[in-house]
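As structure tokens, the structure follows; a few thoughts come after it.
The values are calculated or read from the model by the stated rules, or taken from the named source; none is laboratory data. None of the values given here were measured: they were computed from a predicted structure. Backbone-built Cβ (ideal geometry, glycine too); neighbour counts: all protein chains shown.
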Amino acid sequence: MYHILLIALLFRLAILFLFPQSRSSDLHSLLIVGDEVLRAKTSYTSNYFPFISYLGAVAVGAKPWIDPYIFLKSAFILFDIGIVWLVYRLSNNKVSALFYAVNPIPMITGIIHGQFDAIPSFFLLLSAYLITQKKSSWSMVALSFGIFVKTWPFLFAVPIMKQLHKKKFLILVPLLPLAATLFHSWYFHVPLGKILYAVKDYRGVWGVWGFGFLIPWLLPSLDASWIQLIRRISLLSFAGFAMFIPSADIIQSVLVSMLFLFSITVTFGAQWVSWLVPWLCIARPCGWQWFMGIATAYVAITFAGDVVSISPATAVLRDQTVLIVGIILWGVILVMLRDVLKKLHSA
């Protein structure tokens, strides 16, 4: 495993130094909210709990010694290496760990585009690993850390929570996000509701790919009220589905919840396909190789503008290509969902 971890590190460092100037508006926004913390501003422009603001503050504060963008990407790399280790521990298979170590999808989204999803993804995997080791309280603490970074782990945590023999440990899940939010509200004089509403009202990008693209394409006249209704129906459908997922196999259970949400969502951006990668490296359902290849092309084309300048004409062609590839990718997700559901049903 040490050799696989070294390979993962070398691949990521190579991309970091090959594309040191690649960055996105999302990455820049981390520095903006970090600067707000350092200046003790009472504004709150983040869409997440305060963790990201504090990470951005450290990056800005370390600017005399290291470029803030390099600092943030290095932090993402650290947690991504941790995912390699967790893939091995959850699968007990070095090949699965190697598949993730050299997979370009998390490298493109994390290092080139600069998304911080590797951090909450790490804590979700850690929570699943700890629950398999019968460490229920620590599993819930890890889940709490993940939600503190980004609320996403909560969406896929139902199968993990079902494994708890002592339900009292569920109280640990909201502990860190709420404690940190209360502290931030008190120390920086930011109204508590302002932080909580920012987290609650966070929305993904509407109609980017897959099912989310087909709806506005088939019904282009939809107004904002209908879009909001479709979002709520999708979320309620997912919540109902998640409650009835069998939890005997923790990997398959979490994976099927992810695949189901991806199959019905209307607000996914390209970077979020990276959440599926570690779980697919472990479970390897039917079509997972196709997913890896198509998703690599999908994120590479989508984020090409972070590396090179793209003319308006080329941007139009890129967007058309992204939509086509995104529809194909959605089809592969449906194939994998069907396969994982069959395995859970037979189990």
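Restricting attention to region 303-344 and to residues that are touching a residue at least 60 places away in the same chain (Cβ under 8 Å) and of a type outside the set (A, V, I, L, M, F, W, C), the residue that is surrounded by the most Cβ atoms within 10 Å (Cβ to Cβ) turns out to be Gly326.
Scan region 259-268 and tell me whether some residue there is in a helix (DSSP H, G or I), at pLDDT 90 or above and crowded, with 22+ Cβ neighbours inside 10 Å. Yes, region 259-268 has at least one match.
Residue count for region 186-233 satisfying the condition of being assigned to a helix (DSSP H, G or I), surrounded by 18 or more Cβ atoms within 10 Å (Cβ to Cβ) and among the small types (Gly, Ala, Ser): 2. Tallying residues that are closer than 22 Å to Ser253 by Cβ and either outside the structural domain of Arg23 (by TED's automatic domain parsing) or within 14 Å of the chain's Cα centre (by Cα) (or both) within region 76-104 yields 1. Checked against (1) under 28 Å from Phe183 (Cα atoms); (2) of a type outside the set (Ser, Thr, Tyr); (3) in contact with a helix residue (DSSP H, G or I) (Cβ under 6 Å, 6 or more places away or on another chain); (4) surrounded by fewer than 22 Cβ atoms within 10 Å (Cβ to Cβ), Leu16 passes all but condition (1).
From the residues in region 40-64 that are aromatic (Phe, Trp, Tyr) and at pLDDT 90 or above, which one is surrounded by the fewest Cβ atoms within 10 Å (Cβ to Cβ)? Top of the filtered list is Tyr54.
Of the residues making up region 259-289, those that are within 21 Å of Asn92 (Cβ to Cβ) and among the hydrophobic types (A, V, I, L, M, F, W, C) are Leu276, Val277, Trp279, Leu280, Cys281, Ile282, Ala283, Trp288. If I filter region 291-330 down to residues being among the charged types (D, E, K, R) and under 23 Å from the mean Cα position of the chain (by Cα), which single residue comes out as farthest from Phe19 (Cα to Cα)? It comes out as Asp319.
Just one of the numbered conditions (1) surrounded by 17 or more Cβ atoms within 10 Å (Cβ to Cβ); (2) under 28 Å from Tyr298 (Cβ atoms) is not true of Asn93: (1).
You will find that of Gly305, Gly293, the residue that is out of contact with any strand residue (DSSP E or B) (no Cβ under 7 Å at 6 or more places or on another chain) and more than 21 Å from Leu27 (Cα to Cα) is Gly293 and no other.
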